[in-house]
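Nothing in this text is a laboratory measurement; each read-out follows from the coordinates by a stated rule. Keep in mind the model is a prediction, meaning the values are calculated, not measured. As a convention, Cβ positions derive from the backbone with ideal geometry for all residues, glycine included, and neighbour counts pool all protein chains shown.
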Amino acid sequence: MDLGERELTVHCAPLRALEPVPPLMTSAAVRLWYAPVADLRPHLHRLEAVLDDEERQRADRFRFAPDRERFIAGHGLLRMLLAGALGMPPEAIRTARGPHGKPFLPHGGPPFNLSDTKDALVVAIGGTEELGVDIETVERRTDHELVAGHYFTPDEVAHIEAGGAEGKRRFLTLWTRKEAVLKASGVGIMDDLHALRVLDGAQVLTIRHEAFVREAAPAYHVSSFSVAASHLIALATPRPHGPPALHRAQLAL
C-alpha cells in the first residue's frame with residue numbers, strides 16, 4: 001500500500017427507531033437535539049438575535065425564505081444549546097473553522113455538529129472526540145435508483161434495489177451514514193462517495209482521497225436512527241459512542 005492510500009474501517013449498526021427523552025432523564029455522552037423547522041419558526045426573531053454578524057450575512061444571502069428560516073433556526077438553536085453546555089450567553093460564543101470549513105470551539109468545549117434537511121434539523125453535542133451527524137427526510141424527492149449508481153458501491157446498489165418499496169429508505173439510510181462519516185472526519189465533502197461502503201456491520205475500506213487519507217481517523221462507528229417515522233439520522237464518531245439521547249428541541253414562547 002503506497003502513501004496515497006490507506007485502510008479505514010467503518011462499523012455500522014442497523015437502523016433502529018429512536019424516541020425522544022427529557023434532557024434530565026439521561027446521562028448519555030452524546031446528545032441529539034431534533035426539531036422540525038415548523039416548531040422553531042415562531043421563535044425566529046429570538047433565534048436570529050443570538051447570531052453573530054457573519055451568520056446574519058450568510059442568512060441574508062439565501063434567495064428563498066424557507067432556506068433562510070432553516071439556516072436561522074439551526075444556527076440559533078445550536079448557539080442556545082452550546083450556551084447551555086458552556087454556561088455563557090449564546091451571542092457570546094465564538095467558533096472557528098477547520099481547513100474544510102467544519103466549525104469548532106477554539107477555546108475548548110464539547111464537539112458538536114449541525115445538519116438540516118428540508119423540514120427539520122438535528123444538533124449533536126457531547127463526547128470527547130470529533131463527531132458527525134446527518135439528517136434526511138423520507139419525503140425527499142429523489143430518483144434514488146439513478147443517483148445510487150453514481151455515489152454508491154455495487155453491493156450498496158444491490159442492497160437498495162433488493163429493498164423494493166423500502167429502496168428509498170435504504171438509500172437515505174446509507175446516504176446519511178456517508179455524510180456523517182465525512183463530517184466526523186472534518187473533510188465534509190468528497191466527490192468519490194464510492195470510497196465509502198456503509199452497509200450494516202464492519203466494512204474494511206481502502207481510501208485514496210488526499211484529504212481523507214490525511215485527516216480521517218483509523219475507524220468510524222456509525223449509528224442510524226429513524227425519528228418520528230419521517231426522518232433518518234446518522235451519527236458517526238471515531239470510537240464506539242454508546243446509545244445517544246434524543247431530545248425534541250423546544251423553546252418557550
inquiry  = Just to verify a number: FRET efficiency for H100 and E139, C-beta to C-beta distance, R0 = 41 Å, to 0.05?
reply    = 0.90
task = Sort the following peptides by mean Cβ neighbour count (other Cβ atoms within 10 Å, averaged over residues), highest first: 16-29, 172-185.
result = 172-185, 16-29
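Taking only complete DSSP H runs, can you tell me which helices of the chain stretch 27 Å or more along their own long axis by Cα positions and average at least 0.0 on the Kyte-Doolittle scale?
In the chain, the long hydrophobic H runs are 65-86.
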remark   = Under the 7 Å Cα-to-Cβ spin-label approximation, H45 and A229 lie apart by a distance in nanometres of 3.6 nm
task = Can you bin segment 1-80 into rounded, prolate or oblate? Criterion: square roots of the alpha carbon gyration tensor eigenvalues sorted a ≥ b ≥ c, rounded for a/c under 1.5, prolate for a/b above b/c, oblate for the rest.
result = oblate
request  = Go ahead and run the numbers for FRET between R16 and D67, Cβ-Cβ distance against an R0 of 35 Å, rounding to 0.05.
outcome  = 0.70
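Test of understanding: ordering D67, D192 by Cβ neighbours within 10 Å, fewest first, what list do you get?
Working: D67 14, D192 11.
By the 10 Å Cβ count, ascending, the order reads D192, D67.
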message = To make sure I understand the rule: partners must be lysines, Cα under 25 Å from the Cα of K168, and not fewer than 8 residues away in the same chain. Which ones qualify?
response = K118, K178, K183
inquiry  = On alpha carbon coordinates alone, what is the Rg over Rh value for segment 78-177, Rh being the Kirkwood radius?
reply    = 1.11
ask   = Relative to the present Cα-Cα distance, how much length would full extension add between T206 and E91 at 0.36 nm per residue of separation?
value = 37.1 nm
query = In vacuo Debye scattering of segment 160-253, one point per C-alpha: log10 I(q)/I(0) at q = 0.15, 0.22 Å⁻¹?
reply = -0.66, -1.19
Cβ-based charge dipole, segment 6-248, positive-most Cα from P23, M88, V37 = M88
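Could you give the dipole magnitude of the chain about its Cα centre, charging the beta-carbon of Lys and Arg +1 and that of Asp and Glu -1, in debye to the nearest 20?
540 debye
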task = List, largest first, the extents of the alpha carbons of the chain along their principal axes, each in whole Å.
result = 51, 42, 40
query = Alpha carbon centre of segment 40-89 versus segment 193-253: separation in Å?
reply = 24 Å
